[in-house]
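Colleague: After the structure tokens below, expect a handful of questions from me.
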Ligand SMILES: [Zn+2]
């Protein structure tokens, strides 16, 4: 006899669940592509990972789809950033009926706050941009996997430790690259404030056209203030992140005479096979571009 399947709804869409699980692999759902990569690095072939926000997607403004509910419902582990980065998860998790463990990767991270244009103080969620926090993320994911799948616990913990070592190596490499830039030149303008942790780690002053979320567009007055800042600070390049619209950055570059740099990666990885399809490749892509732009300041 069939048991009646439960129905879950979100935004008026009804779906049936759960779906059949893939043979032997552990289904893990990560909220966005950077976390999905971290889970893959640690879980290896033992896990099948789904990223809710796709590569090149904007997690700040993401609207979950019915298939996301089904994926979360069928997961053995859910991995999120926290620090209010993926606010839509607050609704998605209960709506999915998921009862399993949730790893908040920023647990144990010292968060930064910043003053928004509105004057409000907000917590900056982009903690992964400091690789030392990436090491904490790796440890949290390794522990989460070990607890969710005790049979593989030792392998997951060993893989997390190995991955943390590779993150630390990348951190040392970045430090060396930035050391070549005179401190007086270390200023960068990007389309949103995603690099606060990165800047604090390596002594670089980042300015964002938008705030720490991408939800609000800057006013004409704040664009005029940015053009003034570019001239005063002698900033020669404006960078657009892969997941934001280049429109406003183009306007700022045109009005200030600054160069619009190539896309850098902040909140989402590139498509597989692209220039930044892993967390560590993201740094290897961004850092030389930042260094070149700062040397021109
Ligand atoms: Zn962001």
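The values are calculated or read from the model by the stated rules, or taken from the named source; none is laboratory data. Just so it is clear, the structure is predicted and the values come from calculations on it, not from any experiment. Note that we place each Cβ from the backbone using ideal geometry, even for glycine, and neighbour counts take in every protein chain shown.
Here's the yes/no breakdown for (1) over 18 Å from residue 244 (Cβ atoms); (2) touching a strand residue (DSSP E or B) at 6+ places or on another chain (Cβ under 6 Å); (3) more than 14 Å from the ligand (Cβ to nearest atom):
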site	(1), (2), (3)
29	yes, yes, yes
72	yes, yes, yes
85	no, no, no
127	yes, no, no
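Colleague: How many of the residues in the stretch 214-241 are buried (at least 20 other Cβ atoms within 10 Å of the Cβ) and either out of contact with any strand residue (DSSP E or B) (no Cβ under 7 Å at 6 or more places or on another chain) or without any contact (Cβ under 8 Å) to a residue 12 or more places away in the chain (or both)?
Modeller: Summing the residues that are buried (at least 20 other Cβ atoms within 10 Å of the Cβ) and either out of contact with any strand residue (DSSP E or B) (no Cβ under 7 Å at 6 or more places or on another chain) or without any contact (Cβ under 8 Å) to a residue 12 or more places away in the chain (or both) in the stretch 214-241 gives 0.
Colleague: Filtering the stretch 37-58 down to residues that are surrounded by fewer than 24 Cβ atoms within 10 Å (Cβ to Cβ) and assigned to a helix (DSSP H, G or I), which residue is nearest to the ligand (Cβ to nearest atom)?
Modeller: 37
Colleague: Being under 16 Å from residue 210 (Cα atoms) and within 13 Å of the ligand (Cβ to nearest atom), is that true of even one residue in the stretch 268-280?
Modeller: Looking only at the stretch 268-280, we keep the residues that are under 16 Å from residue 210 (Cα atoms), and these are none.
Checked against the condition, which is being under 16 Å from residue 210 (Cα atoms) and within 13 Å of the ligand (Cβ to nearest atom), the stretch 268-280 yields no hits at all.
Colleague: Turning to a different aspect of this structure: Can you name the condition, by its number, that residue 80 falls short on among (1) more than 16 Å from the ligand (Cβ to nearest atom); (2) in contact (Cβ under 8 Å) with a residue 40 or more places away in the chain?
Modeller: (1)
Colleague: Then there's this: Between 187, 201, which is away from the ligand (no atom under 16 Å from the Cβ), in the same structural domain as residue 244 (by TED's automatic domain parsing) and closer than 21 Å to residue 248 by Cβ?
Modeller: 187
Colleague: So, in the stretch 220-247, of the ones that are in a helix (DSSP H, G or I) and in contact with a helix residue (DSSP H, G or I) (Cβ under 7 Å, 6 or more places away or on another chain), which residue ends up farthest from the ligand (Cβ to nearest atom)?
Modeller: Once the filter is applied, the top-ranked residue is 231.
Colleague: Residue by residue through the stretch 142-181, note down the ones that are closer than 29 Å to residue 290 by Cα and touching a strand residue (DSSP E or B) at 6+ places or on another chain (Cβ under 6 Å).
Modeller: Answer for the stretch 142-181, where residues must be closer than 29 Å to residue 290 by Cα and touching a strand residue (DSSP E or B) at 6+ places or on another chain (Cβ under 6 Å): there is none.
Colleague: I've got another one for you. Can you tell me which condition residue 174 does not meet? The list is (1) away from the ligand (no atom under 14 Å from the Cβ); (2) closer than 14 Å to residue 297 by Cβ, and all the others hold.
Modeller: (2)
Colleague: Only one of these is touching a residue at least 60 places away in the same chain (Cβ under 8 Å), away from the ligand (no atom under 14 Å from the Cβ) and surrounded by fewer than 19 Cβ atoms within 10 Å (Cβ to Cβ): 155, 148, 138. Name it. Outline the logic, then answer.
Modeller: Values: 148 fails: surrounded by fewer than 19 Cβ atoms within 10 Å (Cβ to Cβ); 138 fails: surrounded by fewer than 19 Cβ atoms within 10 Å (Cβ to Cβ).
When all the criteria are applied, what remains is 155.
Colleague: So how many residues does the stretch 253-291 have that are modelled with pLDDT of 95 or more, surrounded by 16 or more Cβ atoms within 10 Å (Cβ to Cβ) and outside any loop (DSSP other than H, G, I, E, B)?
Modeller: 12
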